[in-house]
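This report refers to the structure that appears directly beneath it.
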Amino acid sequence: MNKAQTLKRKLGNPKLFLSVAWDTEDIPSQVSINPNLKWKDIDWKKVEKSVFRLQKLIYKASSRGELRKMHRYQKLLLKSYYARLLAVRRVTQDNQGKKTAGIDGIKDLPPMQRLNLVNLLSSRHLKASPTRRVYIPKPGKDEKRPLGIPTMYDRALQALVKLGMEPEWEARFEPNSYGFRPGRSTHDAVEAIYKSINQKPKYVLDADISKCFDRINHDALLRKVGQTPYRRLIKQWLKSGVFDNKQFSKTVEGTPQGGVISPLLANIALHGMEECLNKFAETLPGDKRGNKRALSLIRYADDFVILHKDIKVVLQAKAVIQEWLNQVGLELKPEKTKIAHTLEEYEGNQPGFDFLGFTVRQHKVKTAKQGFKTLIKPSPESLKTHYRKLADICDSHKNASTKAIIAKLNPVIRGWTNYFS
């Protein structure tokens, strides 16, 4: 019997269901049997509140550098029934990608099997299964992006591990990292850029990391992860392999896009870029503190910009970051990496740059106090993609009534408008 068949058999086997009571120190202290628990009757506010309490303890211990205490709290979270409930809900109910199956063929679970999966997570006897490779189109392009879809069991276990790892790393992540982080968005990254250039025009290195998820060095990543209670599981997921059209391949580098924990692992791999740039800034002539403030790195996942008023500093910073990326198995993508100026033309490049769907550019204005004005608007590529999507909807509903077409178009237009408003 293979792993997928084993998982299906276990998910279909009803078990007793447990609930956790918390003592006054917010640590799981006792377990009680509740054989009649139903998914629809779960008090999710209580579940979320209890998990959040433990996450706060992990965050505080990480902030203070109390690793032993932090690891103890992480182990408690891994065993917590409430945390397992929340992890299963995240991958079977909340996640929009839940309808894509891994090699187990499981796309969705009914409530009874969700509770069985919660109990199955406590044993962790099953080793990580290979992911299933699927290809999805890149927005506005003819290319396709490979995703590695884990089994339902691995997705739930990854969600559980993420609940424990995320607060540890949120206490450590650098301030100008915005992608795949709770409470942060693309708009926060764009706002940080605006604040950096609003008082003075700057040169910008607009950079993209080549195949970031696919090429992260496993050893470098595991060194950053350290001796966490989750290290063995993370190593299993990194080395689990992939099935592509029924052909199995080993994974010697990268973390598959499509995994619940992959964005967090990518952020961990890229953690330290800002510190590297700050150390470089300290070597520049003049005041160290002023030099660090003048040189900005703003990153959203694998896209980032470096901003400074001096082109020489930007060119040096590019070399420094490239060398740093090499240490984690990564490199800049030449065709997507360029240098421009926010106000003036530079080496044939028009003023401004595109970032996260926006065009950021400054214009000379005599009436403005600084002599220029900063404008941030939807990029031409964003407009083109949006119009194409609207045209596709109209083309695929030629025989529909006007009312039906409008009903299809409105959510797309509203979503696009909300993003850029």
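Every number in this text was worked out from the coordinates using simple rules, so none of it is lab data. What you see is a predicted model; the values in this text were computed from it and never measured. Ideal geometry is used to build each Cβ from the backbone, glycine not excepted, and the neighbour counts take in all protein chains shown.
Points to keep in mind about this one:
- With both labels modelled 7 Å from their Cα along Cα-to-Cβ, the Thr417 to Lys56 distance reads 4.0 nm.
- Proximity of backbone amide H atoms, modeled 1.01 Å from N, is registered between Lys202 and Thr342, Leu343 at under 5 Å, excluding neighbours fewer than 5 places apart on the same chain.
- Legend: ranking of residues Cys212, Cys394 from fewest to most surrounding C-beta atoms inside 10 Å; resulting order Cys394, Cys212.
- Sites listed here are GluC sites (Glu not before Pro) in region 317-421 whose DSSP assignment is loop and whose Cβ has at most 11 other Cβ atoms within 10 Å: Glu345, Glu347.
- Here the gap between Asn95 and Ala391, fully extended at 0.36 nm per residue and compared with their Cα-Cα distance, gives a gain of 103.8 nm.
- The relative contact order of region 327-421, computed from alpha carbon pairs under 8 Å that lie at least 6 residues apart in sequence, is 15 percent.
- Nearest-0.05 FRET efficiency for Leu375 and Lys309, computed from C-beta distance (R0 22 Å): 0.70
- The Gln322 and Tyr346 beta-carbon pair, evaluated with R₀ = 25 Å, returns a calculated FRET efficiency of approximately 0.80.
- Considering helices alone, the calculated mean residue ellipticity of the chain at 222 nm is -14000 deg cm²/dmol, with DSSP H runs of length four and up weighted by -39500 (n - 2.57) and normalised per residue.
- Across the chain, the convex hull enclosing all Cα atoms gives 195 Å³ per residue.
- Alpha-carbon centroids, region 295-323 and region 243-291: separation in whole Å: 14
- Greater than 25 Å apart at Cα, pairs in Lys162/Lys211; Lys127/Lys250; Lys279/Lys364; Lys162/Lys224; Lys377/Lys398; Lys288/Lys364: Lys279/Lys364; Lys377/Lys398; Lys288/Lys364
- On Cα atoms only, tilt of 67-79 relative to the major axis of the chain in degrees: 50
- Normalising the average separation of contacting C-alpha pairs (under 8 angstrom, six or more residues apart) by the number of residues puts the relative contact order of the chain at 14 percent.
- Between Asp43 and Lys107, the simple spin-label model (points 7 angstrom out along Cα→Cβ) gives 3.6 nm.
- Net charge dipole size for the chain [Lys, Arg +1 and Asp, Glu -1 on Cβ; Debye, nearest 20]: 1120
- Likely footprinting exposure, Val161, Val252, Val412, Val204, fewest C-beta neighbours within 10 Å first: Val252, Val412, Val161, Val204
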